1. Which of rounded, prolate or oblate describes segment 64-190 when judged by the alpha-carbon gyration tensor and an a/c cut-off of 1.5?
2. Per 5 Å bin, what is the whole-percent P(r) computed from every C-alpha pair distance within segment 3-238?
3. Output the peptides 14-23, 104-113 sorted from most to least packed, where packing is the average of other Cβ atoms within 10 Å over each peptide's residues.
4. Under the rule a/c < 1.5 gives rounded, and otherwise a/b versus b/c splits prolate from oblate, where does segment 141-274 land using the Cα gyration tensor?
5. Gain in length, TYR113 to GLU59, computed as 0.36 nm per residue apart minus the alpha-carbon separation, to one decimal in nm?
6. Using the Cβ atoms and a cut-off under 10 Å, what net charge is assigned to the surroundings of ALA273, where Lys and Arg are +1 and Asp and Glu are -1?
7. How many angstrom lie between the C-alpha centres of segment 102-138 and segment 233-268?
8. Per-residue counts of other Cβ atoms within 10 Å, averaged by peptide: what ranking do you get for 32-42, 85-95, highest first?
Amino acid sequence: MDASRLHGIFAPVTTPFAAWPNDAVDLAAFGANVRALIAQGVHGIVIAGSTGEAAMLDEGERAALATAARREGPADRLVILGCGGESTRVVVARTRAAQAVGVDAALVVAPHYYANAMSTALLRTHYLRVADASPIPVILYNIPKYAHFALSAELVGELAQHPNVIGIKDSSGDLAMLGGYLTSQSATFSVLTGAGGLLLEGLEAGARGGILAVADFAAPLALEVYARMAQRDRAGALAAQEPLRVFAKTIVAEGGVPAVKAAVDAVGMVGGACRGPLEALSGSAHAAVAALLAKEGAAVG
């Protein structure tokens, strides 16, 4: 695939787990969730991202999830797998494993355990080695909340010239930072926002879509913003955007993965248990998420 396909609304799906001590990935529930999201019209599925509890998954689970998503997703919907890791070797191995099960592209967060050592030079070398070796296209992933640093616009501009680097997901929630990345957007490099609360503004600035946690439980609203902006109907887009701002702040940013999973449950899919040490929301907190979705007009089921 190339950057021409990297546009639209993508759901970074949650990973349903059985309750402790079983703690296994529920592949049947995962497949059902993917089918539901595809039916709602998302342009693609992202597996093993931050919302998918990537840090909790082993290599076999990543492959099983990717295989299930590819099986459920028609060829015109992208399947993207989080392949970031703390060593260049691990990342390259993950891209090769992803290619073997039919994944379209790899989403690669920067190594960040040794954050203080991650100079621009080291990050450049890391990403270039990954891009050279990966059998599938690479999408950069900027998420300062978890990496504790941001990819510079200058570095992204350099990496965007590599023929196997086709885009970036920016989850900074900083429109100025997004704007810096947009200077590198081209026919071969697409910029996507990861900030559901700023989807309208990101599209208005020139982003070609978003990989959005809010799309896991409010895909119709995100798709409405995207469609209305394509039609240059800003008023219509704004009407759909307003509840997304509430969801992005209260459920995604403040509640994190447990709250996103509660929201997935509330709209009739399977959020499931979190993998320890994360814990699912209490009954009252779970009910509060459902009440917020209903209040803001999401399709609670």
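Each value in this text was obtained by applying a stated rule to the coordinates, not by laboratory testing. Source: prediction; values computed, not measured. Virtual Cβ from ideal backbone geometry, glycine too; neighbours counted across all protein chains shown.
1. Prolate shape, in that a/c is at least 1.5 and a/b is the bigger ratio.
2. 1, 7, 16, 19, 21, 17, 11, 6, 2, 0, 0
3. Highest to lowest by the protection proxy: 104-113, 14-23.
4. oblate
5. On the way: separation 54, 0.36 × 54 = 19.44 nm, distance 1.89 nm.
Going from the current span to full extension adds 17.5 nm.
6. On the way: positive: LYS261, ARG275; negative: ASP23, ASP26, GLU279.
Once all neighbours under 10 Å are counted, the net charge is -1.
7. 30
8. Working: 32-42: 19.5, 85-95: 17.7.
With the highest mean Cβ count within 10 Å placed first, the list reads 32-42, 85-95.
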